[in-house]
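Participant: Below is the structure I would like to discuss, written out as structure tokens.
The values are calculated or read from the model by the stated rules, or taken from the named source; none is laboratory data. Small disclaimer: the values here were computed from a predicted structure and weren't measured. Note: ideal-geometry Cβ built from the backbone for every residue, glycine included; neighbour counts use all protein chains shown. Areas reflect the complete protein model, heavy atoms only, side chains present, ligands, DNA and RNA absent. Shrake-Rupley method; radii C 1.70, N 1.55, O 1.52, S 1.80 Å.
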Amino acid sequence: METLLLDSNTWLLVLTGAGVSAESGVPTFRGMNGLWEDQPVEQVASPEGFAKDPLRVWRFYSQRRAGAAGVSPNPGHDALVAWERHLGDRFLLATQNVDGLHSRAGSQRVVEMHGNLFKTRCSNDECKRAPFDDTTVYPAGTVPGCKDCGGLLRPHIVWFGEYLDPADLERIQDFSLRAASSGGRFVFLAAGTSGAVYPAAGMVDQVRGAGGETWLVNLDPAENSRRFQHSVQGKSGEVLPKLGRLV
Ligand code: BJW
């Protein structure tokens with residue numbers, strides 16, 4: 001297996017997806033036994049789906065909360081913590097995962113691009129209430145209400161058709177600009193993601209455009225596999241701990 005040299009010249013941007021949490025027992029979205037195998041995506045992961053049937057959406061996310069609360073980080077998460085400790089500010093982790101497992105493992109420089117399963121916010125755009133921590137598993141048939149405005153509360157998740165938080169995108173952009181202009185080696189590594197959802201799936205092209213080196217670690221070929229220069233097929237919990245050579 002190839003190794004990825006992580007030395008004092010290296011800047012590393014990591015993108016993770018559902019596959020990185022699979023070995024912790026969190027289901028992925030697409031494919032066999034995926035969360036969306038028998039779940040119409042647009043009904044549970046879009047603002048239109050929430051407007052039409054908020055009960056269904058809360059049932060889906062409450063079940064996910066219950067499932068994710070009992071899981072633990074795996075050796076893939078731990079490897080990324082070790083890489084971050086080694087590289088310091090020359091490391092950034094952008095995750096599409098909403099399960100919070102990277103932070104629970106000890107990662108600190110994390111951007112949760114698609115939100116957090118354990119946060120809730122008001123669905124009324126005019127309400128000033130900020131997103132808040134919420135581990136509640138709401139009983140089926142319940143939609144929680146906002147104590148400030150009486151509107152419906154919703155999961156703090158980025159659904160299809162919704163914009164990602166500009167501050168999150170800016171943080172990734174800033175890191176990439178600093179890495180590309182550092183005079184060092186800019187590396188992008190994606191792990192456990194099907195490369196089907198944008199803007200995350202386009203990050204590989206942006207990094208290549210900036211002269212960076214690109215790596216993919218995935219169990220199956222991803223939709224954007226051919227855009228990576230280095231590819232390692234396998235489980236991230238097995239590959240990542242062996243891949244990095246910290247010098
Ligand atoms: C293992 C493993 C193991 C298994 N080890 N690997 C440009 C072109 C076309 C369309 C668009 C575009 N830009 C925007 C869009 C629209 C849309 C989009 O991308 N559509 C596509 C379907 C084409 N994007 C958006 O709407 C985004 N918003 C946006 O861009 O706003 C501006 C805009 C809007 C509209 C038009 C244009 C611009 C928002 C996207 C939000 C996505 N949110 C979701 C759901 C909510 C989260 C939740 O409920 O938890 O986030 S979608 C879902 O997919 C979830 C995930 O984060 C995301 C990515 O999935 P991921 O992580 O890749 O998981 P899987 O299951 O797909 O793959 C797992 C992989 O792991 C597999 O490959 C396995 O092989 C592998 N694996 N075990 C390593 N052990």
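Participant: Does residue 69 satisfy the condition of being surrounded by 14 or more Cβ atoms within 10 Å (Cβ to Cβ), touching a residue at least 12 places away in the same chain (Cβ under 8 Å) and either within 27 Å of residue 221 (Cα to Cα) or of a type outside the set (S, T, N, Q) (or both)?
Facilitator: When the stated conditions are applied, residue 69 does not pass them.
Participant: Also: For segment 132-141, give me each residue that is touching a residue at least 60 places away in the same chain (Cβ under 8 Å) and under 15 Å from residue 154 (Cβ atoms).
Facilitator: Those that are touching a residue at least 60 places away in the same chain (Cβ under 8 Å) and under 15 Å from residue 154 (Cβ atoms): 136, 138.
Participant: Which one of 92, 15 is in the same structural domain as residue 228 (by TED's automatic domain parsing), within 11 Å of the ligand (Cβ to nearest atom) and not acidic (Asp, Glu)?
Facilitator: When all the criteria are applied, what remains is 15.
Participant: Let me ask something else. Filter segment 133-155 down to the residues that are farther than 21 Å from residue 55 by Cβ and within 19 Å of the chain's Cα centre (by Cα) and list them by number.
Facilitator: Passing the criteria: only 133.
Participant: Which one of these is within 11 Å of the ligand (Cβ to nearest atom) and within 23 Å of residue 76 (Cβ to Cβ): 117, 164?
Facilitator: Testing whether each residue is within 11 Å of the ligand (Cβ to nearest atom) and within 23 Å of residue 76 (Cβ to Cβ) leaves just 117.
Participant: List every residue pair whose Cβ atoms sit under 7 Å apart, with the two residues 6 or more apart in sequence or on different chains, where the first one lies in segment 158-177 and is under 14 Å from residue 112 (Cβ atoms) and assigned to a loop (DSSP other than H, G, I, E, B) and the second, anywhere, is aromatic (Phe, Trp, Tyr) and open to solvent by 70 Å² or more (accessible area, probe 1.4 Å).
Facilitator: Once the first residue is under 14 Å from residue 112 (Cβ atoms) and assigned to a loop (DSSP other than H, G, I, E, B) and sits in segment 158-177, no partner that is aromatic (Phe, Trp, Tyr) and open to solvent by 70 Å² or more (accessible area, probe 1.4 Å) comes close enough.
For every residue, the table says whether it meets (1) farther than 21 Å from residue 158 by Cα; (2) in the same structural domain as residue 184 (by TED's automatic domain parsing).
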site	(1), (2)
46	no, no
54	no, no
58	no, no
61	no, no
64	no, no
79	yes, yes
86	yes, yes
98	no, yes
130	no, no
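Participant: Check whether at least one residue in segment 120-139 is assigned to a loop (DSSP other than H, G, I, E, B), of a type in the set (A, V, I, L, M), open to solvent by 50 Å² or more (accessible area, probe 1.4 Å) and at pLDDT 95 or above, and report yes or no.
Facilitator: yes
Participant: Another question, if that's okay. How many residues does segment 208-247 hold that are surrounded by 15 or more Cβ atoms within 10 Å (Cβ to Cβ), within 8 Å of the ligand (Cβ to nearest atom) and outside any helix (DSSP H, G or I)?
Facilitator: Number satisfying all stated conditions: 5.
Participant: Please give the number of the condition residue 97 fails out of (1) away from the ligand (no atom under 13 Å from the Cβ); (2) closer than 30 Å to residue 149 by Cα; (3) in a loop (DSSP other than H, G, I, E, B).
Facilitator: Every condition holds for residue 97 apart from (1).
Participant: Within the group 74, 9, which residue is within 30 Å of residue 179 (Cα to Cα) and either in contact with a helix residue (DSSP H, G or I) (Cβ under 6 Å, 6 or more places away or on another chain) or not assigned by TED's automatic domain parsing to the domain that holds residue 169 (or both)? Before you say what the answer is, go through the steps one by one.
Facilitator: Values: 9 fails: either in contact with a helix residue (DSSP H, G or I) (Cβ under 6 Å, 6 or more places away or on another chain) or not assigned by TED's automatic domain parsing to the domain that holds residue 169 (or both).
Residue meeting the stated conditions: 74.
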